[in-house]
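Here is the structure we will look at.
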Amino acid sequence: MTISRRVQAIKPSPTLTITAKAKAMRAEGVDVIGFGAGEPDFDTPDHIKKAAIKALENGFTKYTAAGGTDELKDAVIGKFKRDNGLDYDRTQILVSCGGKHCLYNLAQVLFDTGDEVIIPSPYWVSYPPIVTLADALPVILETTEESGFKMDPDKLRRAITKRTKALVLNSPCNPSGTTYTESELSEIADIVLEKGIYVISDEIYEKIVYDGFQFVSIASLDKEVKERTIIVHGVSKTYSMTGWRIGFTAGPSSIIEAMNKIQGQSTSNPTSISQKASQEALSGPQDVVEAMVGEFQKRRDYIIDRLNSLEGVTCVKPAGAFYAFPNLSSYLGKSFREKPIRNSMDLADYLLNFAQVAVVPGAAFGTEGFERLSFATSMENIEIGIDRIEKALKEFD
Ligand SMILES: Cc1ncc(COP(=O)(O)O)c(C=O)c1O
């Protein structure tokens, strides 16, 4: 059987692969510390669960409108107004099965064969394959550790060609935690308007920011920028709802209508019960989010300090999201029992096999020499895990 060329062009998600490998080791009784998780380790708050239970009891178990219920769209509209000062109407909102599904639908709608899409690296693993599946070309724009992994506006301008259709902006960023300020966004927005491209603004980590950082959506800068921006968002990270599969897109009605058409002919509506739960998440009490972020901040402070204290390791302090992205490139070229550590994958393999610590190799995010460690795990696990890494890094030949 021949699998389509479209699918042959992409690889499975490396974050899911490493998590599966760690899980298999755990099933065999190995005590693995997992730094691979891309989801909060907290339970979904009770009031949200209760809304789902009520939906079940009330028989809210049938098809809804393909693009989400009016009630949930109104809750999404309320969120953008309250948090970002952005005005949308129902024709500008689509609810899908997670942020990933929003991005997939959007790529199918926006890109034609040969269109170029600029993706700053390090990037979230799924951006390039989602672009490739739409027959478009991911163009990777490298950033540096020295700049805090922020895009250089001049480099961005130079990367834009006649075929460039969009820029993917992910603030706060997975894996680097990089978060853009209003003035930095303004510089990017000027280039976007000058060149007439779109911005796909992935704001899924909006609420997970530290030290009082004031998140700004690029779409809120002015009316023209808003017309050129499609926001991808969701409840997964903010409310610990990764398994419920609800994401939403906000943007120009013509794009939303086209995404709705695709969704209507593929998945249809996201789960009715999850929609009710998400409505409660967005319009109910928000103090649960603050409590979770407070806990993440304590862990961030600890893990970043510990990583920076390790011999030959540097780590930028993330302003958002729940990942540390340390530079371990000084260990590449070393070997353990004559087995060479050539790249971030070899190092991740070494840490998993010899230190029983699961991390995700930087190569998966387009940045060699780095590893991603999620701190969405208990403080106790973080302490043990970093102790193990510290010891393992001293074992090289
Ligand atoms: C940057 C980023 N965008 C989007 C998503 C997709 O989230 P979901 O599909 O679970 O809503 C993730 C999940 O890891 C992410 O890290």
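A short reminder: the numbers here are calculations on the coordinates, not readings from a lab. Quick caveat: nothing in here was measured; it's all calculated off a predicted structure. Cβ placement follows ideal geometry from the backbone for every residue including glycine, while neighbour counts extend to all protein chains displayed.
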* Residues listed by number, region 146-174, amide nitrogen under 20 Å from residue 214 label point at 7 Å toward C-beta -> 171-173
* Evaluate the relative contact order of the chain (contact order divided by residue number), counting alpha-carbon pairs under 8 angstrom at least 6 apart; express in whole percent. => 23 percent
* Asked: With +1 on each Lys and Arg Cβ and -1 on each Asp and Glu Cβ, how big is the dipole of the chain about its Cα centre, in debye rounded to the nearest 20?
  -> 1120 debye
* By counting other Cβ atoms within 10 Å of each Cβ, how are 179, 132 ranked from fewest to most? -> 132, 179
* Say each of residue 290 and residue 337 gets a label point 7 Å from the Cα, pointing the same way as Cα to Cβ; how far apart are those two points in nm? -> 5.2 nm
* Asked: With axes computed from alpha carbons, what is the tilt in degrees of helix 253-264 against the longest principal axis of the chain, rounded to the nearest 10 within 0 to 90?
  -> 80 degrees
* Structure fact -> Only helices counted: for the chain, with every DSSP H run of 4 or more residues adding -39500 (n - 2.57) and the sum spread over all residues, [θ] at 222 nm is -12500 deg cm²/dmol
* region 60-283 - share of DSSP beta bridges that are antiparallel (%, nearest 5) -> 30 percent
* Once Lys and Arg get +1 and Asp and Glu get -1 on their Cβ, which of 42, 374, 264 lies farthest toward the positive end of the dipole of the chain? -> 264
* Structure fact -> Full extension between residue 65 and residue 23 adds, at 0.36 nm per residue less the Cα distance, a length in nm of 11.4 nm
* Structure fact -> Projected onto their principal axes, the Cα atoms of region 19-109 stretch, largest extent first, over whole-Å spans of 52, 37, 27
* **Sorted by Cβ density within 10 Å, fewest first, the residues 216, 232** => 216, 232
* Asked: To the nearest 10 degrees, how steeply does helix 344-355 sit against the main Cα axis of the chain, on a 0 to 90 scale?
  -> 60 degrees
* Would you please name the trypsin sites (Lys or Arg not before Pro) within region 89-193 that are DSSP coil residues with at most 14 other C-beta atoms within 10 Å of their C-beta? => 162, 163
* To do: List the residues whose amide H sits under 5 Å from the amide H of residue 269, counting only those 5 or more places along or on another chain, with H placed 1.01 Å from N in the peptide plane.
  => 64
* Please give the helix 272-283 orientation as an angle from the longest Cα principal axis of the chain, in degrees from 0 to 90, rounded to the nearest 10. => 80 degrees
* Asked: Between the DSSP loop rule and a limit of at most 15 other Cβ atoms within 10 Å, which trypsin sites (Lys or Arg not before Pro) in region 336-397 are left?
  -> 337, 342, 394
* Whether region 169-324 is rounded, prolate or oblate, judged on the alpha carbon gyration tensor where a/c under 1.5 counts as rounded -> oblate
* Structure fact -> Compactness summary of region 60-283: radius of gyration and Dmax from Cα atoms, Å, are 16.5, 52
* Name the shape class, rounded, prolate or oblate, that the alpha-carbon gyration tensor gives for the chain, where a ≥ b ≥ c are the square roots of its eigenvalues, rounded holds for a/c under 1.5, and otherwise prolate holds if a/b is larger than b/c and oblate otherwise. => prolate
* **Cleavage-rule hits (GluC sites (Glu not before Pro)) in region 145-245: DSSP loop, at most 13 neighbouring Cβ within 10 angstrom** => 146
* Structure fact -> Lys and Arg at +1, Asp and Glu at -1: neighbours of residue 119 with Cβ under 11 Å from its Cβ sum to -3
* Beta bridge orientation in the chain: antiparallel %, DSSP, nearest 5 -> 45 percent
